[in-house]
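Some notes on the structure that comes next.
Just so you know, all these numbers are worked out from the coordinates, no wet-lab data involved. Note that the structure is predicted; figures quoted are calculated from it, not measured. Backbone-built Cβ (ideal geometry, glycine too); neighbour counts: all protein chains shown.
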Amino acid sequence: MDPTTFIQVLGAARTVSVILGVPFIVLPMKQNARLVATSNRQVEVMNQETRSQVFLNIAERLSTRDYILQRKTVRDLVAKREAGNWPGFLDSTDAFEIRAFAATYEASATMAKLRLIDEGTLPEALGFWAVSDWKAILPAVKQLEASWGVPAYPNFRWLGESAEKQLSVGG
């Protein structure tokens, strides 16, 4: 056999082996793609379950009798301090009560901003409560901001304003 023929036979054999080898590459790739897709679906289901649980915990916390009474107390404290022109407010028990109240919403809204809770769901679910509570403590927040020199409770502000927009669009 001459060298040219031998090279042509080797070339043909190489082509045939590549063609025959393709299924052994493509089939495992398809199987891996299916496994990745299944794994991604499982992760998404787990994420959704976690988000739902977090949201339910927030909803449970914000609907307890104690929290509802705290909402009333905070409104009364803001009204009392606003009527008195805020003397000694910053270090008062009243300020700490209002700050503790705001911190609950701030934490919930921060979770939404970090995408631990769906960003669109929280304003819709807390709706009027978020708007009402943000507006109720806004005078106290302004006092804190003036004293601290930085925005106070920016995520609670976002939550209240987002919920208000959703309510005005939906209503």
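How charged is the neighbourhood of Q48? Take every other residue with its Cβ under 11 Å from the Cβ of Q48, and add Lys/Arg as +1 and Asp/Glu as -1.
Neighbour charge sum, excluding Q48 itself: -1.
Given Cβ point charges of +1 (Lys, Arg) and -1 (Asp, Glu) and nothing else, what value in debye, to the nearest 20, does the dipole of the range 63-170 about its Cα centre take?
120
First select every other residue whose beta carbon is under 12 angstrom from the beta carbon of A37; then total the charges, Lys and Arg +1, Asp and Glu -1.
+2
With a cut-off of 8 Å between alpha carbons and a minimum separation of six or more residues, what is the relative contact order of the range 40-171 in percent?
It rounds to 28 percent for the range 40-171.
Need the list of lysines near K80 for cross-linking: C-alpha distance under 19 angstrom, and skip anything on the same chain fewer than eight residues off.
K72, K135, K142
For the range 21-119, compute Rh as the Kirkwood radius over C-alpha pairs and then the Stokes-Einstein diffusion coefficient at 37 °C and 0.692 mPa s; write the answer in µm²/s, rounded to an integer.
187
What does the charge add up to near S63, with Lys and Arg as +1, Asp and Glu as -1, over the other residues with Cβ less than 15 Å from its Cβ?
Result for the local shell: +1.
What shape does the range 1-47 have by the C-alpha gyration tensor, where a ≥ b ≥ c are the square roots of the eigenvalues, rounded means a/c under 1.5, and otherwise prolate means a/b greater than b/c and oblate the rest?
Prolate.
Across the chain, what fraction of all alpha-carbon pairs, as a whole percent, falls in each successive 5 Å bin from zero upward?
Values per bin, smallest distances first: 1, 7, 12, 13, 12, 9, 7, 5, 4, 3, 3, 3, 3, 3, 3, 3, 3, 2, 1, 1, 0, 0.
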